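Novice: There's a structure below that I have some questions on.
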Amino acid sequence: MALGGQAENGKSNYCIEINDKIFIVDSGFRFPDSDKLGVDVIIPSFEYLVENKEKIAAIIITHGHDDVMASLPYLLRDIHDVPVYAPNLTADLIEEMIGRYERHNRVKLNMDLRRVKRDATIKIKGVEVAFFPVTHSIPGSVGVAFWTDAGYIVYASEFIIDFGAPLEFSCNLQKMMEIGKRGVLALLVESSYANRSGYTSPKHKLTDKIEHIFEDAKGRIIITSYAQNIFRTREIVELTKKYGRKIVFYGRDKYDPTNSILRLEKKSHKTGIKVDRKVLGKKENIGKFPRDNGYVILLSGRPQSIYSDIDDILDGGDDLLKIRKGDTFIVASPVLPGTEKIATRARNNLYRTEANVEILKSKELLSMHASEEDIKVVIQIFKPKYYIPIKGDYRAFVNNAMVARDMMIDEDNIIIADNGETLTFKGGELQSGRGKVEVNDVMIDGSGIGDVGAKVIDDRIQLSNDGVVVVGVTIDKKTKKIIAQTDCQTRGFVYLKDASYVIREVVNICEKAVATLENEPETDIQDIRNMMREQSMRYIVKETGKKPVFIGVVVEV
């Protein structure tokens, strides 16, 4: 069963229950749609897991990306004394994330973190669990297989087939084939690129698309890249070294994965990505010509922030980094859904500068997710009886199912499921009918967990569209008479010089409503506020066509 990740991009959270033992695979968040104003991230609802916490055997995190691990702190607040299994680098990132969460929220999470080798086979509560390395955009990524009496249930995680990948990114086909030979009951495979023909490799590689730019550039090179794509970061480091430059990691969020991995590597002396210390430039030299003239400045960040960072730099909001003549600015962070508006503005403003601007398109530079042929290779290796598309929107599931049909998997054995639907197997056969668990999105706003509901979002949308009107009326506590000038403040509503008569009439309406207290002093103040709002809003809508948030205040002195 999925608590998150189905018919959406991100928020992966899958539950595999074997003989009354629940294994949680991944626990991530996703970023909100543009209409969820003020919401930072969305996580799965863990109510089902809380209700069944005595059954939970383990939490397994397959790699160090936010969409598969970043809701873990919230899960651990509700679920205690459950071991968390992860490969070494992922475990390092988890420790850093949990420590940051504890400091920020002033809580203590008693996490039992257990490190596993990428190709380990272990037993957890009597169930054999086999890990296998996969190639993804962050080092140390794994898939995981759970042994049952009817064969393995295989969660392939996120992957591509790239036989030339560096060691820390490489897959282990031999381990995968060993799992396939023993028999696979069900295979869960990601879907987001299932409509793309061919292999993702080599279109995921950055080097051949920008090396000529490195070769020709005379001044600084500023390049943007999503922080979670460490494979791409490694390519930029190698090009920096090849062309005798120095690199500065300029992630403005110090906790982005690029910065985190470099910091962890320095601390532990383990290889996350290979960075020769001689290649590192000094951040404090940025802006000091000619010291920084041969620098490569890697501007990394999250998809939701990187274009805002570009905009901020162009507006002069960064103390060190200013765009100057002779710079080459490479945008290697394709536009993702929800960021189109800010990305368009940032790109347009880049062309106003004196820099040489190079923008890579999303069709030219693919993310490291499985395309059609990648999926076919995995199906061929595992030869599953049942096939379950995961991770992606519904259209992507249909595309993924079509790939499985092309690989001769029986159409009746291809299962498309929504979040909360339970698929039950007995004796190696899928049972008819599906159970259903109620699952909801939980919105995180600052330190608030789930306290942002639809009404709050509606109010924020109303504020963003039509602004706010606040009217304050001061009355004598005993006589109930108005004893001060009524104050009316507006923000984002109307241009006052053009609509001062509207404000005067709103004040008049509110004063008349409050005046009823003189004759009916027992009237509840809340009723008066409601009267102020209802009568004022009728007038405002009639005169302006707008529906601002209206706040009426009555102060007794």
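Every number in this text was worked out from the coordinates using simple rules, so none of it is lab data. All values derive from a computational prediction rather than experimental measurement. Using ideal geometry, Cβ is built from the backbone for each residue, glycine included, and neighbour counts are taken over all protein chains shown.
Novice: For a quick check: with amide H placed at 1.01 Å from N, whose amide H comes under 5 Å from Gly4's, ignoring anything fewer than 5 positions away on the same chain?
Specialist: It is Asn13, by chain and number.
Novice: At what distance in nm do the modelled label points of Glu511 and Lys21 sit from each other, each positioned 7 Å from its Cα along Cα→Cβ?
Specialist: 7.7 nm
Novice: What relative contact order, as a whole-number percentage, does segment 21-126 give when Cα pairs under 8 Å and 6 or more residues apart are counted?
Specialist: Reported as a whole number, the value is 28 percent.
Novice: Here's a follow-up. What spacing in nm lies between the two simple spin-label points modelled at Lys55 and Ala484, each 7 Å away from Cα in the Cβ direction?
Specialist: With each label placed 7 Å out from Cα toward Cβ, I get 6.0 nm.
Novice: ³J(HN,Hα) across segment 368-379 via Karplus (A = 6.51, B = -1.76, C = 1.60, θ = phi - 60°), whole Hz, x for Gly/Pro?
Specialist: Values, residue by residue: 8, 10, 6, 8, 3, 6, 4, 5, 4, 4, 5, 5 Hz.
Novice: Give me the net charge for the shell around Lys53: Cβ to Cβ below 10 angstrom, other residues only, Lys and Arg +1, Asp and Glu -1.
Specialist: That works out to -3.
Novice: How far is it, in nm, from the label point at Lys341 to the one at Asp276 when both lie 7 Å from their Cα along the line to the Cβ?
Specialist: That separation, rounded to one decimal, is 4.6 nm.
Novice: With 31 Å as the limit, write out which pairs from Lys242/Lys322; Lys181/Lys391; Lys341/Lys376; Lys117/Lys376 have Cα-Cα distances beyond it, or answer none.
Specialist: Going by Cα-Cα distance, Lys341/Lys376 fall outside the 31 Å limit.
Novice: Amide H neighbours of Ala227 under 5 Å, at least 5 residues apart or on other chains, H built in the peptide plane: list them.
Specialist: Distant-sequence amide H within range of Ala227: Gly301, Arg302.
Novice: Between Thr207 and Arg538, 0.36 nm times their residue separation minus their Cα-Cα distance comes to what?
Specialist: Gain on stretching Thr207 to Arg538: 113.0 nm.
Novice: Using DSSP to call loops (not H, G, I, E or B), can you name the GluC sites (Glu not before Pro) in segment 212-242 whose Cβ has at most 15 other Cβ atoms within 10 angstrom?
Specialist: Passing sites in segment 212-242 do not exist.
Novice: Taking amide H atoms as placed 1.01 Å from N in the peptide plane, list the residues 5 or more away in sequence, or in a different chain, whose amide H sits under 5 Å from that of Gly143.
Specialist: Phe132, Val134
Novice: Compute the Cα gyration tensor for the chain, then decide on rounded, prolate or oblate, letting a ≥ b ≥ c be the square roots of its eigenvalues: rounded whenever a/c is under 1.5, prolate when a/b is larger than b/c in the other cases, and oblate in all that remain.
Specialist: Verdict is oblate for the chain.
Novice: Could you please rank Ile122, Ile482, placing first whichever residue has the fewest other Cβ atoms within 10 Å of its Cβ?
Specialist: Ascending Cβ contact count within 10 Å gives the list Ile122, Ile482.
Novice: Which order, highest average first, do 139-150, 402-413 follow once you tally other Cβ atoms within 10 Å for each residue and take the mean per peptide?
Specialist: With the highest mean Cβ count within 10 Å placed first, the list reads 139-150, 402-413.
Novice: Go ahead and estimate [θ] at 222 nm for the chain from helices alone: -39,500 (n - 2.57) per DSSP H run with n ≥ 4, summed, over the residue count, rounded to 500.
Specialist: -9500 deg cm²/dmol
Novice: Kindly express, to the nearest 10 degrees and within the range 0 to 90, the angle between helix 340-350's C-alpha long axis and the longest C-alpha principal axis of the chain.
Specialist: 90 degrees
Novice: Moving on. How do Val439, Val25 rank when sorted from fewest to most other Cβ atoms within 10 Å of their own Cβ?
Specialist: Least crowded to most crowded, the residues run Val439, Val25.
Novice: Right, next: How large is the dipole of the chain about the Cα centre if only Lys and Arg carry +1 and Asp and Glu carry -1, each at its Cβ, rounded to the nearest 20 debye?
Specialist: So the magnitude is around 2020 debye.
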